[in-house]
Amino acid sequence: MRALAVGAIAVSSALVLTACGSDDNSAANGVNEKKAAKNIECAGKGKLLASGSSAQKNAMDVWIKNYMAACKDVQLNYNPVGSGGGITQFTQGSTAFAGSDSALKPEEVAASKKICKGGQGINLPMVGGPVAVSYNLPGVDDLVLDAPTLAKIFDSKIKKWNDPAIKKLNPKADLPAKEIHPFHRSDESGTTANLGKYLGKAAPGDWKYPDEKAWPAKGGQGASGSSGVSAQVKQTEGAISYVELSYATSNDLSTAKLDTGASEPVEVSPENASKAIADAKVVGKGKDLALDLNYATKAEGAYPLMLVTYEIACDKGNKPESLDAVKSFLNYTASDFGQEVLVKEGYAPLPPEIAKKVRETVPTLS
Amino acid sequence: MDTPTSKAPAPPEAPQGRRTTGKAGDRVFLGLSRGSGIVLLVIMAAIAAFLAYRASLAISKDQANFLTAFAWNPQGNPPEFGIAILAYGTVVSSIIAMAVAVPVAIGIALFVSHYAPRKLAAPMAYVIDLLAAVPSIVYGLWGALVLVPYLAGLNQWLDEYLGWTYIFDKTGSGPARSLFTVGLLLAVMILPVITNVIREVFLQVPRMHEEAALALGATRWEVIRMSVLPFGRSGIISASMLGLGRALGETMAVATVLSPSFVFSGHLLDPGGGTFAQNIAAKFNEADAFGRDALIASGLVLFVITLLVNGAARLIIARRKEYSGAAA
């Protein structure tokens with residue numbers, strides 16, 4: 001037994017070592033980093049803590065890597081605890097800013113006034129992302145779905161792949177008489193909430209559930225996390241689910257096009273999601289840039305199943321020791337250089353008009 | 001602090017110097033062992049108090065019946081959560097696991113201790129030890145990636161031929177991420193624990209009993225039935241309880257395999273359901289302070305169930321004290 005334990009320790013320490021090693025390797029694209037470094041204006045120093053939405057974790061990882069490579073004086077740490085946890089930690093004053101996949105609720109704004117002396121918490125849209133409808137149906141590559149059909153599938157009203165409603169949208173496809181196995185997130189997720197918002201706005205007659213983070217409908221199977229859901233779709237013939245685009249790409253899953261009422265069904269892609277975000281209205285007052293996304297958009301090439309995550313900071317009364325660093329970091333993330341690295345991670349860059357507003361707002365934080 | 005040893009008369013022939021060191025050593029050791037015992041009790045009491053306090057915070061605000069509601073929505077408005085599904089899932093999956101694992105474990109233990117040639121018995125015992133060393137997340141991955149797809153056929157067969165029993169009637173669709181699958185996976189996981197203990201007990205059956213039986217003309221099976229099994233009965237029970245303890249509290253493997261849901265289904269093959277530990281692992285990340293209290297409340301119930309099971313096992317073992325040689 002002792003030999004076994006020694007072996008286990010050896011193996012696990014080897015794993016730890018390789019894990020450290022891979023971090024070092026990531027500096028391989030040093031050229032890009034240098035280019036990025038030139039475009040980052042450093043300010044402030046010390047440790048900067050942030051936490052919140054896990055939907056923007058991959059974007060934050062890239063941004064923080066680039067930012068810390070340029071600004072050695074600042075140590076930034078983003079903890080993807082989830083949006084709710086991020087906002088709570090922010091309003092308790094333990095973090096400099098929060099990431100959230102939904103704008104602050106009125107009671108959260110009220111709570112933020114305790115931290116922001118003379119001001120309040122504001123929403124700064126920073127990361128957009130398309131949510132892919134991924135499926136596993138060998139022989140069917142170009143599946144087209146629309147909001148009502150999708151709503152009925154996830155509500156277990158449409159149970160077979162050769163249902164007339166799906167046939168009507170895919171006249172050319174050879175749809176098998178197989179059962180549809182819808183999968184949803186079993187954990188609470190902003191992705192679920194966004195699917196709910198989309199279905200509720202674009203197919204109000206067929207989706208009567210509240211847009212909650214916990215899966216509201218009955219039927220179908222649950223799996224934990226985007227990776228869990230992707231694995232189930234990969235493994236199960238006849239499965240359909242919704243995941244952030246990066247997970248669909250990395251797992252090599254087929255993704256459905258959405259028939260929005262535009263002249264052609266829209267494919268899921270960062271660019272197409274940006275087009276849909278451009279259709280959003282800013283509903284926040286003052287410096288608050290909370291968006292009202294238009295999920296029912298019929299604009300050409302706009303992919304309506306999308307999410308926008310915000311960074312949340314104080315408009316006035318930020319902590320003086322972290323203010324400069326926060327402004328410098330958010331300036332970078334909202335800049336063209338910050339936004340263009342997102343596409344590779346499967347996120348959608350902010351459309352120019354909204355990005356412009358964010359860039360105008362960040363320097364005014366105090 | 002007056003210890004009983006200080007009053008005890010010292011053996012007269014012990015030399016003066018050594019006696020005092022011996023006395024000090026005694027005292028230190030007594031203090032250490034008594035301290036360990038007290039620490040253990042304090043830790044148990046602290047855990048129970050912590051669970052009870054945090055649970056009471058959550059339960060007092062629960063708008064649904066905590067024991068009977070089929071929902072888990074502590075962050076909702078109003079907060080509604082209940083443990084009925086979790087208790088059902090935990091108990092049912094553990095029962096399936098025990099029903100499968102205990103007979104097989106007795107079989108393996110008998111084979112290793114009484115049938116296998118010595119050359120085979122030692123390596124087999126070692127392999128069983130190895131099974132116990134596999135981490136539960138690995139069992140979970142194996143369950144999700146291998147067991148679930150391969151059980152589709154068995155599930156179809158059970159549904160077709162035993163569907164009339166209601167419990168084997170499959171009404172849901174999709175892969176077999178059901179309580180039944182979880183039960184089978186748990187059976188594999190607890191098998192080594194149970195087997196090891198039972199094997200040790202069987203090996204301790206007094207040689208005289210077996211030889212006496214043989215001398216009376218008993219066959220090998222009769223020897224086992226008349227001397228080994230009765231002697232090992234309390235051992236089998238305590239081994240099963242050890243396994244049951246692991247099955248009740250198993251977390252990661254269940255969370256990886258099961259498709260969690262709070263919709264009740266009496267059909268074992270239907271995907272869905274949940275267990276206490278699985279639910280805590282799945283919900284903890286996104287839970288706020290109140291949500292965590294609610295999860296702790298469910299943990300308290302699991303704590304109580306485990307205590308009851310262990311207590312019941314102790315009672316059974318105590319009743320059969322005549323064979324307690326190996327039960328402990």
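Here the spin labels are modelled as points 7 Å beyond Cα on the Cα-Cβ line, and at A:Lys319 and A:Glu107 they lie 2.5 nm apart.
Between the beta carbons of A:Lys57 and B:Met208, assuming R0 = 60 Å, the FRET efficiency works out to 0.35 to the nearest 0.05. Positive contributions from Lys and Arg (+1) and negative ones from Asp and Glu (-1), summed over other residues with Cβ under 12 Å from the Cβ of A:Glu360, come out at +3.
A simple spin-label model places pseudo-atoms 7 Å from Cα toward Cβ; at A:Ala262 and A:Lys178 they are separated by 2.9 nm. Annotation: amide H-H contacts under 5 Å for A:Leu76 (H modelled 1.01 Å from N, sequence separation of 5 or more, or interchain): A:Leu48.
The H on the amide N of B:Ala69, modeled in the peptide plane, is under 5 Å from the matching H of B:Ile83, B:Ala84, each at least 5 residues off or on a different chain. For the protein assembly as shown, the equivalent ellipsoid built from the Cα gyration tensor has semi-axes of 54, 36, 24 Å, listed from largest to smallest. With an a/c value of 1.5 or above and a/b not larger than b/c for the gyration tensor axes a ≥ b ≥ c computed over the alpha-carbon atoms, segment A:40-143 is described as oblate.
The HN-Hα couplings worked out from phi for segment A:199-214 by the Karplus form 6.51 cos²θ - 1.76 cosθ + 1.60 (θ = phi - 60°) are 5, x, 7, 8, 9, x, x, 10, 10, 10, 8, x, 7, 8, 6, 8 Hz, whole numbers, x standing for Gly and Pro.
Here the calculated FRET efficiency for B:Tyr115 and B:Leu307, from their Cβ-Cβ distance with R0 = 41 Å, stands at 0.65, rounded to the nearest 0.05. Averaged over peptide B:172-179, the number of partner chain Cβ atoms lying within 10 Å of each residue's Cβ comes to 5.
Past 26 Å, Cα to Cα, is the threshold; run A:Lys157/A:Lys213; A:Lys105/A:Lys257; A:Lys213/B:Lys170; A:Lys178/A:Lys344; A:Lys257/A:Lys344 against it and keep the listed order. As for pairs spanning more than 26 Å Cα to Cα, those are A:Lys105/A:Lys257; A:Lys213/B:Lys170; A:Lys178/A:Lys344. Farthest toward the positive end of the dipole of the protein assembly as shown, out of A:Val283, B:Gly183, A:Gly44, is the Cα of B:Gly183, where the dipole comes from beta carbon charges about the Cα centre. Between B:Val263 and B:Gly273, the built amide H atoms are under 5 Å apart, and every one of these is 5 or more places off in sequence or on another chain.
Just to verify a number: FRET efficiency for B:Gln156 and B:Val134, C-beta to C-beta distance, R0 = 30 Å, to 0.05? The formula returns an efficiency of 0.55 here. Applying the Karplus relation 6.51 cos²θ - 1.76 cosθ + 1.60 with θ = phi - 60° to segment A:217-224 yields 3J(HN,Hα) values of 7, 9, x, x, 10, x, 8, 8 Hz, where x marks Gly and Pro. Taking a ≥ b ≥ c as the square roots of the eigenvalues of the Cα gyration tensor of segment B:88-276, is the shape rounded (a/c under 1.5), prolate (a/b larger than b/c) or oblate? Prolate, since a/c reaches 1.5 and a/b exceeds b/c. Per residue of B:282-288, other chain Cβ atoms within 10 Å of the residue Cβ number 6 on average.
Distance between the 7 Å Cα→Cβ label points at B:Ile95 and B:Arg34: 4.7 nm.
All of the numbers you see were taken from the coordinates with simple rules; none came from a lab. All figures in this text were calculated on a predicted structure; none of them were measured in a lab. With ideal geometry, Cβ positions are generated from the backbone for all residues, glycine too; neighbour counts draw on all protein chains shown.
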